[in-house]
Every structure is written in structure tokens, then in C-alpha cells.
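The values are calculated or read from the model by the stated rules, or taken from the named source; none is laboratory data. As the structure is a prediction and not an experimental result, all values here were calculated from the model. Cβ: placed from backbone, ideal geometry, glycine included. Neighbour counts: every protein chain shown.
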Amino acid sequence: MFLIADLVISGGKVWHAGEFVECAIVIDNGKIVKLCKEPLAPRSDLRLNVNGLLILPGLIDIHSHLRDFKLSYKEDFYTGTCAAASGGFTTVFDMPNTEPVTNSPIRLREKIEKIHLNAIVNVGLYSAPPKNIEEFIELVNMGIAGFKVYLSEYGELNTDHCNYNFYNACNNYNIRVHFHAELRDFININTTTCELNVLNHHLIRPTKAEIEAINYVFNLKSIYKFKAHICHISSSDSCFLISKVKYNHLNISVEVTPHHLILNNNFTSTWGNIAKVNPPLRTEYDRKMLVKLLNKGLVDCIVTDHSPHALEEKSKDYCEAPSGFPNFEVALPVLLSRCLNDELIFSHVISAMSENPAKLLNLKNKGKIEPGFDADLVIVNHKGEYTIDPEKFKSKARYSPFKNMKVKFKVFKTILGGLLIYDEDEILVKKGCGKFVKIGVKNDSFSKTY
């Protein structure tokens, strides 16, 4: 038993077991070792009184794009993880649609090296489907979080090039497949009937593309029995399908984004291509149905889909402007602010950004403020009003459709493994303090035939 702890955090309202409690958090060797009344806390090398602020579990984002390599002008592992830390995220997972595409052990090793050299929060990695089963097995062994399949794309980001039964292999090796659920055959079907501009983006990539993709995934899963995850659903019809699946206890997980929960397609009138995103912002009715799905507890995770691009790219014509925008630094403030008017349920928001993603990806000792868990924490100031100002972002992408939105919450401090990494707009650590999150392999039988 320690005599002097590394850190004691006192004076805060701690999110514990689904409610706020007033207690001290005792941290030693990167772990939470005790929750207790402040007078009962041991001596410590450092004591931090947060004066009534909120203390939440460090946020976990299972869907982000850190770019780097040939896309480092958009974002890199350092700036992206700085943005994550300033948004309260202590663990994030990076998608494989990079240049070059991450779909081989060589590419994955390159990313892991980038994490060790540059990341300041913990980072896990996905792979796109590899060409052959040998690379598939090696990627699983290397600890990827899952495979990402873009049903909207051809080639390396889909399974067109695989020379083996990809989905059967995913079942046999117990690895989850995350789907971008817009079926390519139903995208652009309205281009002959509507003008090509951002105001029609939700028609050019219609709800039908998402519904057909989800049904396609359901069919694949019924055949191959693998673990399936539906990324960033955006429509009321999708909510109906997901509700039906959840109530029938089928093992399919689902995520939503802050922008689909808060914004609708009217925001494209104000922000133009800044608000262009895939899947598109849809109608107010669609947005409200997503909120309802979350409030019913049927959404597994809230993800940022942090997708930075250069502002010059977003300023191009509609057809050339890329989809997506930065979200790490706005997600928590905008979501918690919507809890104040009871539109969103606070406990569901926090669970979907911490405990649920930890369970989904089998992250041991993360997602809760409990003794024995990693000391990953975010301290939130809820005592004022703040304005979203993208010019202050740590991300290279300093724009947002949330610009000028008034919020009641602001990330004050972020703690990773007991180390204060972000404090009142300042990054306090050097590159490389983040770690690669290696997901354990449950099935180590590598003699199967495909």
C-alpha cells in the first residue's frame, strides 16, 4: 500500500455509477486507487482542487481521422491528438482511409511508429480489408481495433480486391467490421433531377443509400455471423431499422455523431461546404429521431468523426470540396449544452462517449471513474457561457459549422494516466506520451482455410 499518492483531485463533482458525487479521487502509478471523502484522502505529491467543477471519465472516440503521411497538410498525429486532448478525449481510434490506404502490416507499422513519436493521447487503429488472408491474420495479431469497410467506395476501401472470404474470416477471428453505411449504387442517383450544390447534398446522397447499406450489412451478418458496427447513422428510417434490430437482441452496434444529433440540412445554407459531410446533414425530423434513439439507450457510441481538411479545399466548388470537418474540440461542449434543456439525456451522452465504447472494443480499465481503472479524466467547467471559436482550435482545420454557437460547458483540464496533459487551453506534454492501443486477439487459431 502506498504511503504517498501521486495525485489527489478534490473539490469536484465526480461522475460515478451514473450520478455526480462529491468525493476526492486518489491516483497512483497511473491508476485510480481510491474514491473517498477529502479528509480521508492520503498525502500526495500533488493536490488539485477543482472548485466544484465536473469530473468525467476520459472520453473515448472510436471514429476519427488523424490523416498524416501524404495528408499531413490537413492534420497529423500530433495536432490531431492535441485537438483530442483539448476536447477531453484520452483515447481515440484512427480510420484507414489515408494516403496511402492503411490495409497492410507495413502501413500499420508506419502508423504505430507515428503514434509512438507524436501522439499525446492513446490511439488505436483500424485497417481497411487487406488483399490476402496472410496479411489479414497479421493485422489481427498486431492489435487492430477492427476493419473498416466503405460501402460507398470501390477498390481498397471495400472488399473488391480481396482474394479470400473476408467476412467469413472476420467471424472466425472474432474481429468487428465497421461499415460506412451508404451503398455506392444509390449515391448520385438524383443528379439528373437536382442541381449539383451543397444544398442538395442530402438528395445526392439520399436516405435510400443508407437504408440499403444497412440492410446489406444485416444480410451479410445473417450469412457470416461476424460482429458488425454501423457508423454514423443519419436518418429516421435508419433509426427504425436499428430499433427493430436492438429490440430483437441482434448483436449489431451503432454510432451517431454530434453534428447529426444537433444540426440539420438547413445549416448548409449558412455554412456551405463547411457543413458538407458524409453521410449528409438531413432534415429536422431525421435529427429528432436520432435524438430519440439516443435517449432510448439504443445508441452504443457517440463519435466525433473528426475529419479535418484544409480550408482551401473546403472553399472549392461543391463537387471538388471534400466532406467532413473537425469535431474533437466541439463535441462535448455542444452535446452537454443540449442536455440542459432536456433534449439529450446526460447519462446516455456520457456513457456513449466513455463506458460504452470501452466495452465495445474491450478496453480494459477504461471508461469509468472506479478504483483500479486508468486515471483518464476530463474536468469540465460548467459555470459560464462560451462561444465556439474555431480560431482557437488545436487542429490544423480551424473552421466549423458550430462556429459562434453558445455553449455552457468547456473542457478545463484533461488527464491521461494520471498525467495532466491539457490545462486551460495549453498542451502541457511533449510529443510521444500517447500509446498505441493494441486490441487483444481472442481467437489465436491461425490454421483456417479460406
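Please go through the stretch 190-201 and give me each residue that is within 21 Å of Arg287 (Cα to Cα) and surrounded by fewer than 21 Cβ atoms within 10 Å (Cβ to Cβ), ordered by number.
Within the stretch 190-201, Leu199, Asn200 meet the criteria.
Is it fair to say Gly367 is in a loop (DSSP other than H, G, I, E, B), more than 30 Å from Asn197 (Cα to Cα) and within 14 Å of the chain's Cα centre (by Cα)?
When the stated conditions are applied, Gly367 passes them.
Quick one: Ile274 ticks every box in (1) touching a Phe, Trp or Tyr at 6+ places or on another chain (Cβ under 7 Å); (2) assigned to a helix (DSSP H, G or I); (3) within 27 Å of Gly146 (Cβ to Cβ) bar one, so which box is it?
Among (1) touching a Phe, Trp or Tyr at 6+ places or on another chain (Cβ under 7 Å); (2) assigned to a helix (DSSP H, G or I); (3) within 27 Å of Gly146 (Cβ to Cβ), Ile274 violates only (3).
Limited to the stretch 119-162, what total is found for residues that are in contact with a strand residue (DSSP E or B) (Cβ under 7 Å, 6 or more places away or on another chain) and of a type in the set (A, V, I, L, M)?
11
Considering only residues that are touching a Phe, Trp or Tyr at 6+ places or on another chain (Cβ under 8 Å), part of a loop (DSSP other than H, G, I, E, B), more than 24 Å from Glu424 (Cα to Cα) and among the hydrophobic types (A, V, I, L, M, F, W, C), which ones fall in the stretch 85-119?
Met95
Which one is surrounded by the most Cβ atoms within 10 Å (Cβ to Cβ), of the residues in the stretch 145-162 that are in contact (Cβ under 8 Å) with a residue 60 or more places away in the chain and in contact with a helix residue (DSSP H, G or I) (Cβ under 7 Å, 6 or more places away or on another chain)?
Checking each candidate, the answer is Leu151.
Taking the condition of being touching a Ser or Thr at 6+ places or on another chain (Cβ under 6 Å), under 19 Å from Lys148 (Cβ atoms) and charged (D, E, K, R), how many residues in the stretch 202-246 meet it?
1
Could you say which residue among Glu320, Glu313 is in a loop (DSSP other than H, G, I, E, B) and at pLDDT 95 or above?
The unique qualifying residue is Glu320.
Across the stretch 46-78, what is the total count of residues that are crowded, with 24+ Cβ neighbours inside 10 Å and among the polar types (S, T, N, Q)?
Summing the residues that are crowded, with 24+ Cβ neighbours inside 10 Å and among the polar types (S, T, N, Q) in the stretch 46-78 gives 1.
When you look at Val349, is it closer than 26 Å to Arg67 by Cβ and assigned by TED's automatic domain parsing to the domain that holds Ile302, yes or no?
Here the answer is no, as Val349 does not meet what is asked.
Every residue, every condition in (1) over 20 Å from Thr270 (Cα atoms); (2) assigned to a loop (DSSP other than H, G, I, E, B); (3) assigned by TED's automatic domain parsing to the domain that holds Gly324, yes or no:
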{"site": "Asn163", "(1), (2), (3)": "yes, yes, yes"}
{"site": "Tyr167", "(1), (2), (3)": "yes, no, yes"}
{"site": "Cys170", "(1), (2), (3)": "yes, no, yes"}
{"site": "Phe179", "(1), (2), (3)": "yes, no, yes"}
{"site": "Asp185", "(1), (2), (3)": "yes, no, yes"}
{"site": "Asn188", "(1), (2), (3)": "yes, yes, yes"}
{"site": "Thr192", "(1), (2), (3)": "yes, yes, yes"}
{"site": "Leu196", "(1), (2), (3)": "no, yes, yes"}
{"site": "His202", "(1), (2), (3)": "no, no, yes"}
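Among the residues of the stretch 313-329, are any closer than 30 Å to Cys23 by Cα and either without any contact (Cβ under 8 Å) to a residue 24 or more places away in the chain or surrounded by fewer than 17 Cβ atoms within 10 Å (Cβ to Cβ) (or both)?
no
Look at the stretch 222-240 and say how many of its residues are more than 19 Å from the chain's Cα centre (by Cα), crowded, with 20+ Cβ neighbours inside 10 Å and outside any loop (DSSP other than H, G, I, E, B).
Summing the residues that are more than 19 Å from the chain's Cα centre (by Cα), crowded, with 20+ Cβ neighbours inside 10 Å and outside any loop (DSSP other than H, G, I, E, B) in the stretch 222-240 gives 2.
Could you tell me whether the stretch 108-128 includes any residue that is in contact with a His (Cβ under 7 Å, 6 or more places away or on another chain) and of a type outside the set (A, V, I, L, M, F, W, C)?
Checked the stretch 108-128: at least one residue is in contact with a His (Cβ under 7 Å, 6 or more places away or on another chain) and of a type outside the set (A, V, I, L, M, F, W, C).
From (1) of a type in the set (Lys, Arg); (2) buried (at least 17 other Cβ atoms within 10 Å of the Cβ); (3) under 21 Å from Leu199 (Cα atoms), pick out the condition that doesn't hold for Arg338.
Among (1) of a type in the set (Lys, Arg); (2) buried (at least 17 other Cβ atoms within 10 Å of the Cβ); (3) under 21 Å from Leu199 (Cα atoms), Arg338 violates only (3).
Out of Asn122, Asn165, I need the residue that is touching a residue at least 40 places away in the same chain (Cβ under 8 Å), under 18 Å from Val217 (Cβ atoms), touching a Phe, Trp or Tyr at 6+ places or on another chain (Cβ under 9 Å) and of a type outside the set (Asp, Glu). Which one?
Every option except Asn165 fails the conditions.
When Tyr126 is evaluated against the numbered criteria (1) assigned to a helix (DSSP H, G or I); (2) under 30 Å from Gly58 (Cα atoms), which criterion, by number, is the only one it fails?
Tyr126 satisfies every listed condition except (1).
Output yes when any residue across the stretch 404-416 is of a type outside the set (D, E, K, R), surrounded by 14 or more Cβ atoms within 10 Å (Cβ to Cβ) and closer than 27 Å to Ser127 by Cα, and no when none is.
yes
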